[in-house]
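Here is the structure we will look at, set down as structure tokens.
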Amino acid sequence: MEYKKNALLCLEKRRNWIYSLGESLFACPELGFKEYKTNRIICAALEELEIPFQNDVALTGIRATLGSGSYHIALVTDMDAVDVGGRPFHSCGHSIQSAVMLGVLAALKETGIVDELGGKVSFIAAPAEEYIDLDYRLGLIREGKIRYPSGKQNMIYCGLFDSVDCGISVHVSGDEKYRFDVGSTLTGFTIKKVTFHGRAAHSGAAPHLGKNALHGAVLSMDALAFLAARFAPEAGVRIHPVIKDSGMSMNVIPETVILESYVRANTREAMFEARERFDACVRHCAEALDLTASVETRSGYLPLCQSETLCGAVYRNMLEICSGESIAGHVASGASGDMGDLGFLIPCVQFGFSGIQGRIHSDSFTIADPEHVYMDTARVALKTVIDILADPQLRVRNGEYEKDKAFYINEWLSGEGS
């Protein structure tokens, strides 16, 4: 296809620009909602490309759009770093995402393909994908600067994706046996905080006059272990609670104890069921010991279920770079990400690429194969965008977007989804 040939030539001319951009982004890691230097680097690149953009979305996020057609594709990237040893470090590859997708956007701009094919493509840089530094983020929520702890959650709420039909994202893969992966799932999670309330008493002289809140937490941990075993292995239900400090002395029956846990699952249905049963477990365990238990729920991220149609388009373009044996398919990952939230609302694909050394989320993370990491990944993404715009059969949409968004905002983000 002539469109692809011209676009790939433009991408190749941008090779050094993409490498330099990736190095600049990698060199300024910042935690979520603090990505101010990252924001300036991306904005400068968009200004150089002469692409208008909307800035300061969800505090530090950015959106730039090409074209004005009826079908709208989002190139979705993350901006933030992780905390490694008390300092920010780009060991999850988010700096790579932004450089790759800006390279794709540059090729689309320089060829004019988006207008020719009658579509629309937006580059969307989202802050705060890593679910960390929560005290800072909760402070921003209290100040009214954001509504939710994740960048995409805020962007969804403010309507940034309301006109978008599908999303494409890329992410580093930790499995160096494969060049790419496609169709993989991400685990969803909910955060639970349980406060057990009992009654203090002297632990030596009159323990029977007390009501030991710690006993309620310990009994609940056993019950929750049994609960996880009730789900099929493919549901991916994981519940690993921890007990927080009760603040009591050794000679006092603990009056208040806090238990916290993630509730993880591979599917939305399993996660909702598991978190409802979680509440039942802790409350009944408390009741059995004449205690009370209050449960706070904070919605994390939904499981990522990818569009098979978009995954098929991505896979076909991967085959032009490597063999099928070098492509992992439908890997069930224990990791989580807010692409799961976006994938609930619009058809999405997030494909993985190898080419790094060291462990993800560690300070040993380095880029070992920039040709594959940057250029091969950009080629797959670029060709997939062109395929979608050129083939009406690939233009998938969610016909129930408004209903799903209402559920997402009013029930899931409120912590009440079921």
Can you say whether D175 is surrounded by fewer than 22 Cβ atoms within 10 Å (Cβ to Cβ), on the phi > 0 side of the Ramachandran plot and of a type outside the set (S, T, N, Q), as far as the supplied structure shows? no
In this structure, is E269 of a type outside the set (K, R), without any contact (Cβ under 8 Å) to a residue 24 or more places away in the chain and in contact with a helix residue (DSSP H, G or I) (Cβ under 9 Å, 6 or more places away or on another chain)? yes
Can you give me the number of residues within the stretch 47-78 that are under 19 Å from G343 (Cβ atoms) and not in a strand (DSSP E or B)? 1
L342 vs. criteria in contact with a helix residue (DSSP H, G or I) (Cβ under 8 Å, 6 or more places away or on another chain) and either more than 20 Å from S169 (Cα to Cα) or at pLDDT 95 or above (or both): yes
With respect to S326, determine if the residue is in contact with a Ser or Thr (Cβ under 6 Å, 6 or more places away or on another chain), surrounded by fewer than 18 Cβ atoms within 10 Å (Cβ to Cβ) and modelled with pLDDT of 95 or more. no
Pull up the stretch 182-227, narrow it to residues that are in contact with a Gly (Cβ under 7 Å, 6 or more places away or on another chain) and of a type in the set (F, W, Y), then point me to the one that is farthest from R277 (Cα to Cα). F196
(1) among the polar types (S, T, N, Q); (2) outside any loop (DSSP other than H, G, I, E, B); (3) modelled with pLDDT under 95 all hold for S294 apart from (3)
Tally up the residues in the stretch 165-204 that are in contact with a helix residue (DSSP H, G or I) (Cβ under 6 Å, 6 or more places away or on another chain) and of a type in the set (S, T, Y), please. 3
Do we have any residue at all in the stretch 363-371 that's touching a His at 6+ places or on another chain (Cβ under 8 Å) and assigned by TED's automatic domain parsing to the domain that holds S163? yes
Going through the stretch 30-46 in order, the residues found to be within 13 Å of P127 (Cβ to Cβ) and either in contact with a strand residue (DSSP E or B) (Cβ under 7 Å, 6 or more places away or on another chain) or not in a helix (DSSP H, G or I) (or both) are E30, L31, G32, F33, K34, E35, N39, I42
Checked pairs for the stretch 99-111, first surrounded by fewer than 24 Cβ atoms within 10 Å (Cβ to Cβ), second β-branched (V, I, T), C-beta under 8 Å and 6 or more apart or across chains, list as K109/I51
Go over the candidates R379, R359 one by one and state the one that is out of contact with any Gly (no Cβ under 6 Å at 6 or more places or on another chain), outside any loop (DSSP other than H, G, I, E, B), in contact (Cβ under 8 Å) with a residue 60 or more places away in the chain and charged (D, E, K, R). R379
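The values are calculated or read from the model by the stated rules, or taken from the named source; none is laboratory data. Keep in mind the model is a prediction, meaning the values are calculated, not measured. Virtual Cβ from ideal backbone geometry, glycine too; neighbours counted across all protein chains shown.
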